[in-house]
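Shown next, in structure tokens, is the structure this report addresses.
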Amino acid sequence: MIKIIDCGSQLTQNIARRVRELNVFTEIVPFHVFPDSLPRNLEGIIISGGQFSVYDNKSPHYSKNILDGRVPVLGICYGLQSIVHLLGGKVSPAENREYGQTSIGLSRIYNSPLFNDIIHSRIDVWMSHGDIVEELPDGFITTSRSVNNNHISSIENSHKKIYAVQFHPEVDHTNYGREILNNFLNICGAIRSWNPEKEYGTLVENTRERIKGKVGVGGISGGVDSSTASVLVGKIAGRSYHPIFVDNGLLRLDEGREVMKSLSTSGLDVDYVDASEIFLAKLKGISDPDKKRKIIGHEFIAVFEEEARKIQNASYLVQGTLYPDVIESVPIYGASSEIKRHHNVGGLPEKMELELVEPFRNMFKDEIRKIAEKKLGMPKEIVWRHPFPGPGLAIRIIGDITPEKLSVLRKADAIFMEELKKKDLYYEISQAFAVLTNTQSIGVMGDEGTYQGVIGLRAVTTNDFMTSDWYGFRKEDLTTISNRIINEVKGVNRVVYDISQKPPATIEWE
Ligand code: XMP
């Protein structure tokens, strides 16, 4: 196994995902709890990036002992700078910072094993740093430099098995990023045995052990995480497990019915609770997105709690918590290890004294999808469904929410989805949806002027939902979608397509 020392970078999870994609098991450990004594099965260490300069008094520190050559180490960005700093080299603020796409030239004199099989001597990588290395520690050599600024962009000390890159091999924008990580795993001699499908047997056994002879409940949102967790537990526990689907009135057209139907084909008997009136009453007149989210989260707990209490002797709660939910919530600073609960269900287990069952808390979404599809035989519509936020359409109606606005948005969104499926684009796009803006625009229909609503369309491609690009439709596809929405949805006379990248925009509008 490989351990990743998390020094606070937003990209630490990407490193873990990449390593697991290369079939090596890896875990992320916050820098302040990384042990001095290395576990026996440890094959290598990766030190992540981070937002601080090595000279900040808040900068993350880990023990220098891990750099003594016992296992290979790869430092990334801050990881590189902290290695240089700890081993007696010099890091200073750069005059020309490097952010974004940057060309680097690989050393012509020394062929680093980190760059094995890279046929080009210049590659484009993704940088994000303000400090640079001025002096290398003893025993290190430079293996590449940035073309424009001649800054050191990778170093190594093969004797001590320390390798470090200033750029981010874990992001898609770095050419040969996967190859570089793969080369590091080869240097480590890492065993390529990680495979989520193979883990399935252990996962079933562990879950069976925990819920044996007990009655439990679970929340279903319709997304792949909670559905897969419920199908798995349902298969093990049968009728002693009670999944509950709360319809908050903020779902898409026919969504409740479709989710119930798909889950029943997977053998799950779900309790459907229609709480739409309560949610809509509480949201009346509320425009602020934060307030909308809080009200919805709070109401969900109230409704779910009431329903769950009807299940006699329930002693556990199933949640589709994933590894990113767990690591995102372990703060880098401070001793607390509070864990973010799956959306909207936060607070329930403590309140109801339920034991939490989270079968997938060590896995990533793509790993769950493999299990859902290959081991549980779940339908494609659930496994590859675009993510849908817990607060639902409430954060896709800009401004206050009314039944009329919900109806307009549902119709527009359904047309958008229908066309994407018809044109075989749905599974090519990571997430797509319609937004009802709070703008009215002037138009003409027949001989008459109109003053009606504006629908925004969003379609993005992304691997991790932390960065995303807008999807490049063909003109005729957008034209069909736009014409259909304007012709078929009363109250809409204009459709706009959102071409913002994340960052700086987010995927949702609110
Ligand atoms: P953003 O808008 O932050 O979205 O770029 C990234 C991903 O998260 C989803 N999202 C949410 N999911 N509750 C959720 O359960 C929320 O409040 C929420 N806000 C955003 C979003 O749909 C996208 O997949």
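Side notes on the structure shown:
- Among the residues making up segment 420-451, a single one is farther than 28 Å from K292 by Cβ and touching a Ser or Thr at 6+ places or on another chain (Cβ under 6 Å): G443.
- One residue stands out among those in segment 457-481 that are of a type in the set (F, W, Y) and within 14 Å of the ligand (Cβ to nearest atom): the one that is modelled with the lowest pLDDT, which is F465.
- When E381, E419 are checked against the criterion of being closer than 19 Å to L253 by Cα, open to solvent by 10 Å² or more (accessible area, probe 1.4 Å) and part of a helix (DSSP H, G or I), a single residue qualifies: E381.
- Candidate set from segment 399-409 (those that are open to solvent by 20 Å² or more (accessible area, probe 1.4 Å) and under 15 Å from L280 (Cα atoms)); member that is farthest from the ligand (Cβ to nearest atom): E404
- Matching option when the condition is buried (at least 16 other Cβ atoms within 10 Å of the Cβ), at pLDDT below 95 and among the β-branched types (V, I, T), among T321, T265: T321
- So D424, is it assigned to a helix (DSSP H, G or I) and of a type in the set (D, E): no
- Segment 483-507: number of residues that are away from the ligand (no atom under 16 Å from the Cβ), of a type in the set (S, T, N, Q) and not in a helix (DSSP H, G or I): 1
- Residue count, segment 165-192 (criterion: open to solvent by less than 60 Å² (accessible area, probe 1.4 Å) and either farther than 25 Å from T102 by Cβ or outside any loop (DSSP other than H, G, I, E, B) (or both)): 12
- Those residues of segment 15-48 which are out of contact with any Ser or Thr (no Cβ under 7 Å at 6 or more places or on another chain) and either charged (D, E, K, R) or open to solvent by less than 10 Å² (accessible area, probe 1.4 Å) (or both), in sequence order: R17, R18, E21, V24, T26, E27, R40, E43, G44, I45, I46
- Taken over segment 41-57, the criterion of being assigned to a loop (DSSP other than H, G, I, E, B) and under 27 Å from the mean Cα position of the chain (by Cα) is satisfied by L42, E43, S48, G49, G50, Q51, F52, S53.
- Residues (part of a loop (DSSP other than H, G, I, E, B) and loosely packed, with under 15 Cβ neighbours inside 10 Å) located in segment 112-146: N116, D117, I119, H120, S121, D138, G139
- Every listed requirement among (1) within 16 Å of the ligand (Cβ to nearest atom); (2) over 30 Å from N483 (Cβ atoms); (3) buried (at least 17 other Cβ atoms within 10 Å of the Cβ) is met by I395 save one, (2).
- Test set (1) without any contact (Cβ under 8 Å) to a residue 60 or more places away in the chain; (2) in a loop (DSSP other than H, G, I, E, B); (3) charged (D, E, K, R) - E510 fails condition number: (1)
- Scanning segment 391-417 for residues that are under 27 Å from the mean Cα position of the chain (by Cα) and either of a type in the set (S, T, N, Q) or more than 16 Å from I455 (Cα to Cα) (or both) yields a count of 2.
- Qualifying residue in segment 434-441 (condition: within 16 Å of the ligand (Cβ to nearest atom), surrounded by fewer than 20 Cβ atoms within 10 Å (Cβ to Cβ) and not polar (S, T, N, Q)): no
- The single residue among I429, I368 that is in a loop (DSSP other than H, G, I, E, B), open to solvent by less than 10 Å² (accessible area, probe 1.4 Å) and either within 16 Å of the ligand (Cβ to nearest atom) or within 18 Å of D254 (Cα to Cα) (or both) turns out to be I429.
- Residue check, N149 free of Cβ contacts under 8 Å to residues at least 12 places away in the same chain and of a type outside the set (A, V, I, L, M, F, W, C): no
- Identity of the residue in segment 200-215, in a helix (DSSP H, G or I) and open to solvent by less than 60 Å² (accessible area, probe 1.4 Å), that ends up farthest from I45 (Cα to Cα): I211
- Residues of segment 70-97 that turn out to be more than 22 Å from V147 (Cα to Cα) and open to solvent by 20 Å² or more (accessible area, probe 1.4 Å), as a count: 5
- The numbered conditions (1) within 16 Å of the ligand (Cβ to nearest atom); (2) within 18 Å of H386 (Cβ to Cβ) are all true for K423 except (1).
- Just one residue in the set T467, T461, T479 is open to solvent by 40 Å² or more (accessible area, probe 1.4 Å) and in contact with a Ser or Thr (Cβ under 7 Å, 6 or more places away or on another chain); that residue is T461.
- Summed over segment 68-98, the residues that are touching a Gly at 6+ places or on another chain (Cβ under 9 Å), among the aliphatic types (A, V, I, L, M) and within 20 Å of D36 (Cβ to Cβ) give a count of 5.
The values are calculated or read from the model by the stated rules, or taken from the named source; none is laboratory data. Everything numeric in this text was worked out from a predicted model, so none of it was measured. FYI the Cβ positions are ideal-geometry reconstructions off the backbone, even for glycines, and counts take in every protein chain you see. Note: accessible area is taken over every heavy atom of the protein model, side chains too, but ligands, DNA and RNA are not part of it. Shrake-Rupley method; radii C 1.70, N 1.55, O 1.52, S 1.80 Å.
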